[in-house]
Each structure stands twice: as structure tokens, then as C-alpha cells.
Amino acid sequence: MESLTTNSQTDRKSLAGKSTGLALFFHKLGRQKALMAMSVPFLIWLFIFKYVPLWGWTMAFQNYRPAKKFSEQAWVGFDQFKFLFQDEGFLRVLRNTIAMSTINLVLGFVTAITLAILLNELRQVIFKRVVQTISYLPHFISWVVAASIVSGALSTDGGIINDILLKLHLISEPILWLGKGEYFWGILGVTEVWKNVGWNTIIFLAAMTTIDPALYESAEMDGAGRFQRIFHITLPGIKPVFIILLIMNLGHILESGFEPQYLLGNGMTVDFSENLDIFVLKYGISLGNFSLATAAGIFKTVVSFIFLISANQIAKRAGEARLF
């Protein structure tokens, strides 16, 4: 009897708590009418352009033909997905995508954090501004121009890379860098670093400005050297930003880019340069197999979602910063 009474009281408290929580939620909602009204256009845009197009995912389960109505399409279940995972071409582009994304992820973080720390340690303000400006500029160059510059630098006919290597006697004859598939991932990684390292430092430099200067002064008074201050103050200070960016980037692990692979790749390097985005373009537009291309797109979205949620949960359990 006492147990039933206790349970009843607990239930009432729980309901009262939920009621209080809902009342508090609607109370806060009422106090933020202006913000809610401002967010309505964004929510409408989000629904129209991000959720309504999901209707097109039905094509992945059909043998879609553009000339037929939706009711006349032949439904094939998961046949497109089965074909996808049995296709050697898809497995190859999946390998290429993961490899290029991983290289870009590692090189991107390492170079951006290193450059940000070096800039943060500079005391000559003018020199610091010059270095920042020079490092930011490549980010604003279009990939068409950037690919042209890279192709020229790696050319066997007067390319600066081959010329330097020949003068240093490191090679005996010019190398066709963009003609060998095994070099493609490295060339792409270096190109991404050259183009985006300056831009990627901005958020880390901003994070460093939030670190209390008193920590550096105290560490200096205690005899800590520059490297000790970097390892014990600067790096822990930017750790939350690093983790948030890492989680967001893991959510894009199957999006290694499109333009650089499309512009720098060629028939001789296709086994290493073709990624998922190019695969979808080739099957969806060039060959008109919309169903297979949609299935590949769904696979990419699902994997990205799993990576994002998993990384966020791992960060949560580790007690680190997280997205939600």
C-alpha cells in the first residue's frame, strides 16, 4: 500500500515537473516572439530547399525513367543499392573519397593549427599582417585558376617543381606528376593546404584571443618557456574549437570535393582521382542512370549522418565540447 502511495506521488511529481517544463518552455517562447518571427523565413527556406527535395530519394527505389509519371515508375526495392555495392567502380571511388578526405582532414588541421600558433607568437604586427594577407589570398582564387597554376608548376615543360628537382639532382628527368595516379592524393592534399591554410587559421586565431593573457603572464613568471606556454595554455585553450570543427568535418567525411578532382584529374589518374561526387555526376547526368546516382547520394548522406552523431556522442561521453 505504501509502495502504491509512493509511486502515485512520484507520478504526480513527474507530471507536475513535465507540466512546469512545458509551461516554462512556452513562457520563454512567448517572451521571444520577435526572434521566433525572424526565424520563420529561414525555417520556410529550410523546409522548401532541404526537406521537400528528399521526395526525390524515391528514385533510388525505382527503375526511374524521366518520360514516365511517378505512378508508372517500376519499383525495384533495394536493387540499386545491391548493384552499387557489387560495382567495383563504386568501391574504388569510395576508397578514393575516404583517402582524400582523410588526407585533407589531417593536413588541414595540422597546418592550420601550426600556422595559427606561429602567427599568435609573432610580436611584429606589420609582419604578422603581411603573412596573414599572403596566406589568405589563395582562398579567393577560383579552382579553375588554382588548377591551372598547379598544372603549370608540375609541368614537364618548364614546370618549377621539375626544374628545382633537376637542379638539385634529385631526379634525372622531368616527372609527369599529373600523369601518375599514385601521386594524385598527395598533390591534391598539398594543393588544398596551399589554397586554404590561411583561411582555416582564422577561427583558431579567434579562439586564441579568448585565452586569458594573465595565464601567459603567470606562466612566464613561473619560468615557463615559449613551447611550454604553447603546450600547456594555447593548445588546451583552442581544444574545444578543434573538437567542434573535427565533429563537423567528420560529418563531411564522404565529401572530399568536386572541382579540384574534376580539374586536376585526367584519364591517366582516374583510378585515384574519381570520387563519389564525380561518380554521381557521371551516372546521374552523363549516363542518365538517376536511380543509381540517387542511391549513391543516399549512401553518402546516411554515412555522414552516422559519423556526425557518433563523433558527437563520443565527445559527449569524453566530457568534451560538442554540437548538441
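The values are calculated or read from the model by the stated rules, or taken from the named source; none is laboratory data. Predicted model, so just to flag it, every value in this text is computed and none were measured. Here Cβ is always computed from backbone atoms with ideal geometry, including for glycine, and neighbour counts include all displayed protein chains. Keep in mind that these areas ignore ligands, DNA and RNA; they rest on the heavy atoms of the full protein, side chains included. Shrake-Rupley method; radii C 1.70, N 1.55, O 1.52, S 1.80 Å.
Couple of notes before you dig in:
- Test: residue in region 137-159 that is hydroxyl-bearing (S, T, Y) and part of a helix (DSSP H, G or I): yes
- Failed item, numbered, when P240 is tested on (1) open to solvent by less than 60 Å² (accessible area, probe 1.4 Å); (2) touching a residue at least 12 places away in the same chain (Cβ under 8 Å); (3) assigned to a helix (DSSP H, G or I): (1)
- Each residue in region 113-135 was checked for being in contact (Cβ under 8 Å) with a residue 12 or more places away in the chain, within 21 Å of the chain's Cα centre (by Cα) and over 30 Å from K180 (Cα atoms), and 3 pass.
- If the condition is being open to solvent by less than 60 Å² (accessible area, probe 1.4 Å) and out of contact with any strand residue (DSSP E or B) (no Cβ under 8 Å at 6 or more places or on another chain), then region 38-63 contributes S39, L46, G56, T58, M59, A60.
- Selection of region 143-157 for residues being farther than 11 Å from L263 by Cα and open to solvent by 60 Å² or more (accessible area, probe 1.4 Å) yields I149, T156, D157.
- When region 183-202 is filtered for residues that are touching a Leu at 6+ places or on another chain (Cβ under 9 Å) and among the polar types (S, T, N, Q), the ones remaining, listed by number, are T191, N200, T201.
- Cβ-Cβ contacts under 9 Å between residues 6 or more apart (or on different chains), taken from a first residue in region 139-159 that is of a type in the set (D, E) to a second residue that is open to solvent by 30 Å² or more (accessible area, probe 1.4 Å), are listed as D157/P174.
- Scanning region 279-296 for residues that are within 19 Å of the chain's Cα centre (by Cα) and open to solvent by 20 Å² or more (accessible area, probe 1.4 Å) yields a single hit, V280.
- Residue in region 68-82 that is without any contact (Cβ under 8 Å) to a residue 24 or more places away in the chain, within 23 Å of F258 (Cβ to Cβ) and surrounded by fewer than 16 Cβ atoms within 10 Å (Cβ to Cβ) present: no
Rundown of residues vs (1) of a type in the set (K, R); (2) on the phi < 0 side of the Ramachandran plot; (3) not in a helix (DSSP H, G or I), yes/no style:
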site: K68; (1), (2), (3): yes, yes, yes
site: S71; (1), (2), (3): no, yes, no
site: K82; (1), (2), (3): yes, yes, no
site: F85; (1), (2), (3): no, yes, no
site: L91; (1), (2), (3): no, yes, no
site: R95; (1), (2), (3): yes, yes, no
site: S101; (1), (2), (3): no, yes, no
site: L105; (1), (2), (3): no, yes, no
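- Within region 243-278, if we keep just the residues that are open to solvent by 50 Å² or more (accessible area, probe 1.4 Å) and part of a loop (DSSP other than H, G, I, E, B), the residue that is farthest from W57 (Cα to Cα) turns out to be M268.
- Within region 160-215, considering residues that are within 25 Å of the chain's Cα centre (by Cα), of a type in the set (F, W, Y) and open to solvent by 30 Å² or more (accessible area, probe 1.4 Å), the one nearest to M268 (Cα to Cα): Y183
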